[in-house]
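The values are calculated or read from the model by the stated rules, or taken from the named source; none is laboratory data. Being a predicted model, the structure only gives us computed values, none of them experimental. Don't worry about glycine lacking a Cβ; one is built from the backbone with ideal geometry, like all the others, and counts go over all protein chains shown. Ligands, DNA and RNA are excluded from the accessible area calculation, which covers all protein heavy atoms including side chains. Shrake-Rupley method; radii C 1.70, N 1.55, O 1.52, S 1.80 Å.
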Amino acid sequence: MAQSSITKTLGPIHFEDLDPRRFEDLVRELVYDFKDWQSIEATGRSGSDDGFDIRAYERLGSATADNDEHDSSEEATHPMEGRLWMFQCKREKEIGPARVASIISDGVDPKVPPYGYVLAAPANFSKVSYDKFREELRKRGVMEFYLWGRAALEDMLHLPKNDHILFTFFGISLVSKRKSRATEIRTVVNTKNKLLKLLGEHPCQQPILLRDTKDVHYPYKAEYQDFKDHPRWKEYPVVDMHPLGLVVQVAKYFAFYDPTKNEWDFSDAVNLVLRQVDDEEREKNHEVRQNVEGFWEFFQKSNQAMFVRNGYVRFDSIAVIDSEGDLLHKFPHIYVDFQGNRGPFVGLSEYLEISEHHHESVKGLGKAKRFPSTFSKPRIGTIYRDKTIHLNDSTRTWLKNRSGWLHSIYDCDDKYEFLNPSDVIGVEQTEDREGKNVLIKITNKRKERAEDFLNERKDNPMARQSVEDQIGRKLDSKDTITIYEFKIVYEWHLERS
């Protein structure tokens, strides 16, 4: 297939084409929407400006005055007064730290400093220049200050609300045809309804391919040297339909969570998000996943979690929906205007998934180092071929049915004291059609006082019953319970290990 060489890019804005006065006019246009102003004055055009190119007064919040509580001699604040802001505009391509200090020294009087100060110049400022800028203004008592360099000015001009300014000064319009509000709403509603038909109200990991509208090289990844870090198309599973757009799963990692200590950790060694197409990546990560999971499974069950990162794609950012896809990706393709490092997403959310219906925010949690940087192969301890354990009838039935909620064995009489984490043993009278018993692998072993055990599970009336069924007697509060957490394994697990 022939590859297209057509590209569309928006080059840098040529601020140097503006004369200094016109550059001041440009900055003043951007200033109007910067704060809630009482007044803005173009003082630079008058010649003698005392260092001000633009002077503005920020509107103060309306104050309520009670004449009975104030001294009658106290002067009332004049309605036209506000916080003084000073703007200096320098149409210079290069401004170093010394020049920054010189501009501030010439323009800002430390005896009567303005409340706010902005220096605007189409230059690329270094970290040292930013540091010098803050240092000089703090010394002079300025409360708020901003340094608008080339990048900041271009970012402001690229905002849709400033498209008219971009067109006025440079003849460029990023919004070639303005849509009416009704047309915008209609477009969003049509997009939402089309996706509802494709994915349903409750999508369950249904794949979509998010594609950058600016890309012209699909499906040739090699055309982009930075494709791995900044993919122009990528498959994501849709996990929810938000009122404003799609929610897709970006990443899912093995994690640790300790609610008693408010601590958490995760390993980014392998991303667990399932994708239909990236077979090569899935095969490469298969062994890594087994190794990480082999470490993670030895955490206490109550500490096991998943760290999830979801991305949000707004309906109004979707340009085109291809419901059929193609031979490489046989599912819907959704075209979105990717934005820098954010890609197709307007935002991301992160949380810990404790269970299907139990999520915890990571905000406010301390980070604890629980995962190593590298992982060894899954650990198998002693495999007891000549020994089995005896459990009560109901527990055996749950095991034979491979019940997912059953993951603990309880012992108060040291019957299973010989078992340790990573050991494998069969459970008697759980034979399958081939006459093989269910095999369990011990993943965690600990002792708890019965009183503490029951207090921690006082909201679970079945906790006591489960223990008593397994130990075959009433549980005494003075008993010590040995808890063996386990997972069901199969012969092929053992052969592979």
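Yes or no, residue by residue, for (1) closer than 22 Å to Gly200 by Cβ; (2) surrounded by 12 or more Cβ atoms within 10 Å (Cβ to Cβ); (3) over 14 Å from the mean Cα position of the chain (by Cα):
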| residue | (1), (2), (3) |
| --- | --- |
| Phe331 | yes, yes, yes |
| Asn341 | no, no, no |
| Phe345 | yes, yes, no |
| Leu352 | no, yes, no |
| Ser355 | no, no, yes |
| Ser361 | no, no, no |
| Leu365 | no, yes, yes |
| Lys369 | no, no, yes |
| Pro372 | no, no, yes |
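List the number of the failed condition for Phe307; all other conditions in (1) on the phi > 0 side of the Ramachandran plot; (2) crowded, with 20+ Cβ neighbours inside 10 Å hold.
If we test Phe307 against (1) on the phi > 0 side of the Ramachandran plot; (2) crowded, with 20+ Cβ neighbours inside 10 Å, just (1) comes out false.
Any idea which residue in segment 396-421 is least open to solvent (accessible area, probe 1.4 Å), counting only those that are among the hydroxyl-bearing types (Ser, Thr, Tyr) and modelled with pLDDT under 90?
Ser403
Considering each residue of segment 2-41, count those that are of a type in the set (Gly, Ala, Ser), at pLDDT below 90 and over 18 Å from Leu157 (Cα atoms), and give that number.
Going through segment 2-41 one residue at a time, the tally reaches 3.
For (1) surrounded by 19 or more Cβ atoms within 10 Å (Cβ to Cβ); (2) modelled with pLDDT under 95, each residue gets a yes or a no:
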{"position": "Glu81", "(1), (2)": "no, yes"}
{"position": "Val108", "(1), (2)": "yes, yes"}
{"position": "Ala121", "(1), (2)": "yes, no"}
{"position": "Phe133", "(1), (2)": "yes, no"}
{"position": "Arg138", "(1), (2)": "no, no"}
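Residue by residue through segment 320-350, note down the ones that are over 26 Å from Lys228 (Cβ atoms) and not polar (S, T, N, Q).
Those that are over 26 Å from Lys228 (Cβ atoms) and not polar (S, T, N, Q): Ile321, Glu324.
Kindly indicate which of Lys458, Lys441, Lys436 is within 22 Å of Gly381 (Cβ to Cβ) and surrounded by fewer than 17 Cβ atoms within 10 Å (Cβ to Cβ).
Step by step, each of Lys458, Lys441, Lys436 is checked, and only Lys436 is within 22 Å of Gly381 (Cβ to Cβ) and surrounded by fewer than 17 Cβ atoms within 10 Å (Cβ to Cβ).
Can you tell me which residues in segment 206-238 are open to solvent by less than 40 Å² (accessible area, probe 1.4 Å) and of a type in the set (A, V, I, L, M)?
Scanning segment 206-238 gives Ile208, Leu209, Leu210, Val238.
What pairs come up if the first residue lies in segment 189-209 and is within 19 Å of Asn310 (Cβ to Cβ), the second is open to solvent by 20 Å² or more (accessible area, probe 1.4 Å) and of a type in the set (Asp, Glu), and their beta carbons are under 8 Å apart, counting only those six or more places apart or on different chains?
His202/Asp240; Pro203/Asp240
Return a yes/no flag: does segment 260-267 have any residue that is out of contact with any Cys (no Cβ under 8 Å at 6 or more places or on another chain), open to solvent by less than 40 Å² (accessible area, probe 1.4 Å) and modelled with pLDDT under 95.
no
Being charged (D, E, K, R) and surrounded by 12 or more Cβ atoms within 10 Å (Cβ to Cβ) is the filter; apply it to segment 162-205 and report the residue that is nearest to the chain's Cα centre (by Cα).
Selected residue: Lys192.
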